[in-house]
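Shown next, in structure tokens, is the structure this report addresses.
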Amino acid sequence: MADEKTMAVPDHVAIIMDGNGRWAKKRGLPRTFGHKQGCKVVEQTVEDAARLGIRYLTVYAFSTENWKRSADEVGALMQLFRYYMVRLLDVATKNNVRVRMIGDRRRFPEDIRAGIEKLETETREATGLTFVIAVNYGGRDDIRRAAIRYAEDVREGRREAADSFTEADFGKYLDTAGMPDPDLLIRTSGELRLSNFLLWQCAYSEIVITDVLWPDFNKQVLLSAIEEFNHRNRRYGGV
Ligand code: IPE
Ligand code: IPE
Ligand code: MG
């Protein structure tokens with residue numbers, strides 16, 4: 001069993017929380033039951049990550065492609081989002097957690113946008129874990145919006161269009177500005193793809209895929225992913 005006392009904890013863990021629908025289906029329940037259970041697991045994972053001393057935890061909650069799902073499912077996810085935003089403020093406050101949302105929030109209804117802002121503002125001074133939720137997030141959309149903001153800065157004379165523009169400079173235009181790249185990327189439910197998550201930021205992340213469905217995820221699964229990460233040899237293109 002993974003022993004948290006002897007392991008190095010990655011600074012930034014990112015998770016593609018997948019498998020809610022399959023979890024529910026296995027039990028003969030509607031997909032939304034899986035999402036509900038998935039939300040509870042998010043809360044627990046935030047507490048676990050905070051206690052383990054992880055600095056950043058980023059979770060993929062809703063992609064730019066997830067709008068393709070039925071109106072019923074999208075509606076249920078929005079309702080859960082409303083409910084858990086309130087609960088999360090409590091969990092964050094109790095655990096010294098700073099919350100931040102990435103993704104294009106302009107597509108959400110006004111009350112959800114206001115809820116996101118409240119969460120971010122009220123947890124801004126927390127000094128423990130930074131918990132990042134990706135909602136209406138797409139890696140390509142993140143890069144596209146960053147390019148638009150850069151072009152605006154150039155057009156309005158705030159910066160020069162120059163060859164000296166570095167990768168780090170570009171990173172400041174992304175939603176993840178100021179955050180380190182993920183060290184460890186976990187995907188649940190066995191799917192071997194990125195599904196448009198943090199495309200720029202995961203250039204050198206170590207990837208761990210587990211067959212566990214997101215609603216069954218727990219501290220032990222997190223610890224064994226961290227243990228596997230501890231055995232990886234990160235070369236970044238060197239030898
Ligand atoms: C992940 O679970 C949650 C979201 C994408 C919102 P899914 O809903 O994708 O569950 P599966 O993959 O269909 O089992
Ligand atoms: C990725 O899961 C998005 C989230 C976990 C929010 P999906 O279930 O949408 O991914 P695909 O469709 O299997 O690639
Ligand atoms: Mg899925």
For this session: Filter the stretch 55-73 for residues that are within 11 Å of ligand 2 (Cβ to nearest atom) and touching an Asp or Glu at 6+ places or on another chain (Cβ under 6 Å) and give the result.
Result: Thr64
Exercise. Within the stretch 13-64, restricting attention to residues that are of a type in the set (D, E, K, R) and within 16 Å of ligand 3 (Cβ to nearest atom), which residue is farthest from Phe108 (Cα to Cα)?
Worked result: Lys26
Problem set entry | Sole exception among (1) within 17 Å of the chain's Cα centre (by Cα); (2) surrounded by fewer than 18 Cβ atoms within 10 Å (Cβ to Cβ); (3) not small (Gly, Ala, Ser) for Thr166, by number | (1)
For this session: Quick one: Gly115 ticks every box in (1) more than 24 Å from Val13 (Cα to Cα); (2) out of contact with any helix residue (DSSP H, G or I) (no Cβ under 7 Å at 6 or more places or on another chain) except a single one, so which number is it?
Result: (2)
Exercise. Got at least one residue in the stretch 6-15 being over 21 Å from Pro215 (Cβ atoms), away from ligand 2 (no atom under 15 Å from the Cβ) and without any contact (Cβ under 8 Å) to a residue 60 or more places away in the chain?
Worked result: yes
Problem set entry | Close pairs (8 angstrom Cβ cut-off, 6 or more residues apart or separate chains): within 22 Å of Leu194 (Cβ to Cβ) in the stretch 62-76, among the small types (Gly, Ala, Ser) and surrounded by fewer than 18 Cβ atoms within 10 Å (Cβ to Cβ) anywhere | Ser63/Ser195; Glu65/Ser195
Exercise. Can you name the condition, by its number, that Arg193 falls short on among (1) in a loop (DSSP other than H, G, I, E, B); (2) within 15 Å of ligand 2 (Cβ to nearest atom); (3) crowded, with 17+ Cβ neighbours inside 10 Å?
Worked result: (3)
Problem set entry | Close pairs from the stretch 183-195: first under 17 Å from Leu213 (Cβ atoms), partner within 10 Å of ligand 3 (Cβ to nearest atom) and of a type in the set (Asp, Glu), Cβ under 7 Å, at least 6 apart | Arg187/Asp18; Thr188/Asp18; Ser189/Asp18; Glu191/Asp18
Exercise. Only one of these conditions is not met by Thr130: (1) β-branched (Val, Ile, Thr); (2) buried (at least 17 other Cβ atoms within 10 Å of the Cβ); (3) over 20 Å from Arg55 (Cβ atoms). Which number is it?
Worked result: (3)
For this session: State the number of residues belonging to the stretch 142-183 that are part of a helix (DSSP H, G or I), in contact with a helix residue (DSSP H, G or I) (Cβ under 7 Å, 6 or more places away or on another chain) and under 22 Å from Tyr236 (Cα atoms).
Result: 1
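Taken together, the values in this text are just the output of simple stated rules run on the coordinates, not laboratory data. Quick caveat, the model's predicted, so the values are computed rather than measured. Glycine gets a Cβ as well: all are built from the backbone with ideal geometry, and neighbour counts include every protein chain shown.
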